[in-house]
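Okay, structure first, notes after.
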Amino acid sequence: MSHSTQALSGVEWRECPHCGLFSQLPQHQPGLVAECPRCGYALWHMRRAHLQFPLACALAGALFYIFALLAPFIEVTAFGRFAMARLETGPVQLINAGWGSVGALVFAVTMILPGIKLGIVAATLLGLEMKFPRRPLRALFRWYAPLSPWAMIDVYLLGFMVAYTRLTGMFSVHLDTALYALICLMIALASVDASLDQEMVWRRLGKRNYTPTSLDPDKAVGCKTCGSINPAENQRFCRRCDAPLQPRKPASFSRAWAFTIAAACLYIPANIYPFMNLTSLAQTQSYTIMGGIVELADVGLWPLALLVFFASITIPLLKLAGMAYMLVSAQRGSKRLLNGRTVTYRIIDFIGRWSMIDIFMVSILVALVHFGRFANVSANTGSLCFAAVVVLTIFAVNAFDPRLMWDHNKEPEA
Ligand SMILES: [Zn+2]
Ligand SMILES: [Zn+2]
């Protein structure tokens, strides 16, 4: 082997996934966060809770998840008729009405992925408790971090809040079991996120022959999945978790540009075309995103109008502008404001999923408001374009490797 193995046994190095700096992990001290000394990225959240706590949260969450899937969600009475929706009613209506991709997206992020996320945590932690073979558990737990943001129960509940305020203005609305189950499920998912120490899981899942001996950082590559560092040469898969190793995300600039440009192109029709139609007594009213916000403000619902404005107009624009800025500055090799640009990356990575509020609102309205000629809500082209903008900008952020911004900054570190 050509790399130099230093005699620093017991000391673990980490490559910061946001700036590429190699630094040493401290000893385990519950409650502390080990941050990257250069950009402040949290390399290790050392949770106080034992791994049994997130396991209990995941099992409780699974129970609420089943209730949320099976029980009725919301009921509406109007014009002497009654409409009831379960969680799947909205997506199914969207698919039947020809908006298959929007329906499939809502179906996946509200009904499939929360279950998968809980399943990964429960199966991995139970498997560890019961001393299952660790190889399949590693293959399973590798999916936890990338899939986690796609379980969007929290965003869905905000979308529900907006839909609920619109519905109560027109009909008599009754909330049902599944809503309370969804709130409990959201709390369970958040508790898993806040208590699961991923580094501790990887320490217990790692290959038996893995030793955290330190490598020369100049000849090492960090694993994007479990964080451990590996020799840069002759090593295609991580020594600890078997994930494929890549020094930088492949074709990062071109992929990130492609997603950003596609999203920017679709942002225009997303705002020009109507988002949804409300048909009442042979009169059809079309709402654009902005029209919906103005209507909320007109009836005095300012906080909601601001929330939707922020989620549907500001966040996508911020993401597009932020991506373009980071891509241009990284490609030009700029050394200015590196910390600020890394913070920009973290913000647009964090806020991206919250743009789904309007999509979820439409899916709930579509599920409930179909009272024949009296009142009917249907989705329209704008919602399809907007859903594509949200997904493409999330892909763009995922494709971009923020370490490329720092790669030009090769001055020796203190
Ligand atoms: Zn860093
Ligand atoms: Zn790894």
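Evaluating Phe237 against the criteria (1) in contact (Cβ under 8 Å) with a residue 12 or more places away in the chain; (2) open to solvent by 50 Å² or more (accessible area, probe 1.4 Å) leaves one unmet condition, (1). Reported count of residues in segment 338-376, each being open to solvent by 10 Å² or more (accessible area, probe 1.4 Å) and modelled with pLDDT under 90, is 5. Within segment 93-112, the residues that satisfy the criterion of being surrounded by fewer than 17 Cβ atoms within 10 Å (Cβ to Cβ) and in contact (Cβ under 8 Å) with a residue 24 or more places away in the chain are Ala97, Ser101, Ala108. Determine whether segment 97-106 contains at least one residue that is of a type in the set (A, V, I, L, M) and over 23 Å from the mean Cα position of the chain (by Cα). Scanning segment 97-106, I find at least one residue that is of a type in the set (A, V, I, L, M) and over 23 Å from the mean Cα position of the chain (by Cα), so the answer is yes. Criterion applied to Ala56, Ala60, Ala68, Ala83 was being part of a strand (DSSP E or B) and crowded, with 16+ Cβ neighbours inside 10 Å, and the one residue passing it is Ala83. Checking each residue in segment 8-20 for being surrounded by fewer than 20 Cβ atoms within 10 Å (Cβ to Cβ) and either at pLDDT 90 or above or within 11 Å of ligand 1 (Cβ to nearest atom) (or both) picks out only Pro17. Note on segment 191-234: among residues that are near ligand 2 (Cβ under 10 Å from one of its atoms) and among the basic types (Lys, Arg), the one that is most open to solvent (accessible area, probe 1.4 Å) is Lys224. With respect to Ala60, determine if the residue is at pLDDT below 95, more than 30 Å from Arg14 (Cα to Cα) and more than 16 Å from ligand 2 (Cβ to nearest atom). In short, no. Quick one: would you say Met170 is of a type in the set (A, V, I, L, M, F, W, C) and over 13 Å from Leu51 (Cα atoms)? Yes; evaluated as a whole, the condition is true for this residue.
Could we say that Gly333 is assigned by TED's automatic domain parsing to the domain that holds Val308, small (Gly, Ala, Ser), open to solvent by 10 Å² or more (accessible area, probe 1.4 Å) and more than 16 Å from ligand 2 (Cβ to nearest atom) here?
Yes; evaluated as a whole, the condition is true for this residue.
Can you find, within segment 246-259, the residue that is nearest to the chain's Cα centre (by Cα) among those that are aliphatic (A, V, I, L, M) and either open to solvent by 30 Å² or more (accessible area, probe 1.4 Å) or near ligand 2 (Cβ under 8 Å from one of its atoms) (or both)?
Going through the qualifying residues, I end up with Ala258.
Listed conditions (1) modelled with pLDDT of 95 or more; (2) among the β-branched types (Val, Ile, Thr); (3) surrounded by fewer than 18 Cβ atoms within 10 Å (Cβ to Cβ) are all met by Thr124, apart from (3). Among residues of segment 30-41 that are open to solvent by 30 Å² or more (accessible area, probe 1.4 Å), those with a beta-carbon under 8 Å from a residue that is near ligand 1 (Cβ under 6 Å from one of its atoms) at least six positions away or on a different chain give the pairs Glu35/Tyr41; Pro37/Leu21; Arg38/Cys16; Arg38/Cys19; Arg38/Leu21; Tyr41/Cys16; Tyr41/His18; Tyr41/Cys19.
The values are calculated or read from the model by the stated rules, or taken from the named source; none is laboratory data. Remember, predicted model here, so these are calculated numbers, not experimental data. Neighbour counts are summed over all protein chains in view; Cβ atoms, including those assigned to glycine, are modelled from backbone coordinates with ideal geometry. Remember, those area values only see protein heavy atoms, side chains included, never the ligands or the DNA or RNA. Shrake-Rupley method; radii C 1.70, N 1.55, O 1.52, S 1.80 Å.
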